[in-house]
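The values are calculated or read from the model by the stated rules, or taken from the named source; none is laboratory data. In this text, all values refer to a predicted model and were calculated from it rather than measured experimentally. Please note: Cβ atoms are built from the backbone with ideal geometry, for glycine as well, and neighbour counts cover all protein chains shown. Ligands, DNA and RNA are stripped out before the accessible areas are found, and what is left, the full protein with its side chains, is counted by its heavy atoms. Shrake-Rupley method; radii C 1.70, N 1.55, O 1.52, S 1.80 Å.
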Amino acid sequence: MILTPIPLAELPGLSDAFAQALADHPLALAVFARIAATTAFVRGDTIALSTDSDHHAAALALVRSFGMGVIDGPPAKGFTWDGQAVAADMEPSVLIHEIGHFQACAPERRHVIDFGLGAGPETGLRDEAEAVASLGGVAGDLEEAFASLLGILWEAEVGQPAILAFLEQNWLAGGVTAANRAHFIKIVEALAGHGFLSPEGRPTRALREVDDQTFLGPLLVPSPQGAPKAC
């Protein structure tokens with residue numbers, strides 16, 4: 001859900017400014033450059049995720065290449081991820097986003113409904129998904145950020161308009177601010193540190209092998225009030 005709509009006409013200028021803000025961090029700049037380059041694949045003048053049938057077929061093929069099952073039908077009749085399979089009737093970007101979750105989640109949650117994060121926006125059986133949720137709050141938000149950026153990079157990898165998901169998932173909602181820059185770099189560095197990114201900023205096929213405390217704990221910085229925050 002876009003919190004701060006950005007007209008596509010303003011995107012080139014904002015992209016250039018964000019890239020300039022990352023100029024002193026080669027890996028973060030390389031990651032963003034791969035995403036920004038997909039602006040060339042955007043069709044039309046609105047920010048709307050692709051529904052192209054070829055994109056959908058490519059997304060399903062990528063999902064299956066990770067050993068994830070696919071079940072026909074929309075998630076509204078069940079779950080986005082039922083622990084074994086992704087609901088097929090979703091936008092290509094959303095399907096690929098589930099790969100990011102599959103990679104970024106803890107091993108013990110990889111085969112739990114909606115990855116143990118609670119009901120996703122598209123999930124229909126919400127009570128059932130919430131009943132098996134085991135990660136939430138700031139830690140859940142962090143994992144969502146990892147899955148988001150991984151999914152966006154996979155979209156870029158297969159030639160889909162990843163920039164639209166980058167906007168839709170609010171990576172530029174904060175504009176070119178120090179906080180937004182720091183958050184992006186934090187997520188990039190964490191992904192790279194755990195082997196999810198190549199030195200060129202491309203996504204790898206790594207799966208998380210460590211538990212939540214090992215993976216997320218060091219990133220939960222105490223706020224002045226004593227509560228953890230993501231950035």
*Assuming a ≥ b ≥ c are the square roots of the Cα gyration tensor eigenvalues, decide whether the stretch 88-231 counts as rounded (a/c under 1.5), prolate (otherwise, with a/b larger than b/c) or oblate.*
rounded
*When the dipole is taken about the Cα centre of the stretch 1-100, and only Lys, Arg (+1) and Asp, Glu (-1) are charged at their Cβ, what size is it in debye, to the nearest 20?*
160
*Quick one: accessible area per residue over the stretch 171-212, 1.4 Å probe, rounded to a whole number of Å²?*
46
*Would you please give the residues with an amide H less than 5 Å from that of V86, counting only those at least 5 places away or on a separate chain, with H modeled from the backbone geometry?*
G69, V70, I71
*Would you mind putting 87-98, 31-42 in packing order, based on average other-beta-carbon counts within 10 Å, highest first?*
87-98, 31-42
*In deg cm²/dmol, rounded to 500, what helix-only [θ] at 222 nm does the chain give when every DSSP H run of at least 4 residues adds -39500 (n - 2.57) and the total is split over its residues?*
-13500 deg cm²/dmol
_Apply the a/c threshold of 1.5 to the C-alpha gyration tensor of the stretch 73-166 and tell me whether it is rounded, prolate or oblate._
oblate
_Give me the one-decimal nm value for the distance between modelled label points at E189 and A76, 7 Å along each residue's Cα-to-Cβ direction._
4.3
*Considering the chain as a Gaussian network with a 10 Å cut-off on Cα pairs, which listed residue, G100, G69, G13, attains the greatest mean-square fluctuation?*
G13
*Measuring with a 1.4 Å probe in the full set of protein chains, what accessible area per residue, in whole Å², belongs to the stretch 5-97?*
48
*Could you tally the net charge around E128, taking each other residue with its Cβ under 10 Å from the Cβ of E128, Lys/Arg +1 and Asp/Glu -1?*
-3
_Max mean-square fluctuation residue, GNM over the chain, Cα-Cα springs under 10 Å, options P218, P161, P26_ = P218
*Just the Cα atoms of the stretch 1-140: what Rg and Dmax do they give in Å?*
17.1, 47
*Say a paramagnetic label sat at a point 7 Å from the Cα of A37, along Cα to Cβ; which residues of the stretch 156-175 have their backbone N under 12 Å from it?*
156-160
_What does the extension gain come out to for R202 and D16, with contour length at 0.36 nm per residue minus their alpha carbon separation?_
65.0 nm
_Difference of contour (0.36 nm per residue) and Cα-Cα distance, A57 to L8_ = 15.0 nm
_Relative contact order (%) - the chain, alpha-carbon pairs under 8 angstrom, separation at least six_ = 25
*Quick one: compute the contact order of the stretch 16-148, relative version, from alpha carbon pairs under 8 angstrom and 6+ residues apart, as a percent.*
20
*Calculate, in nm to one decimal, what R126 and A182 gain on full extension: separation in residues at 0.36 nm each, minus their alpha carbon distance.*
16.8 nm
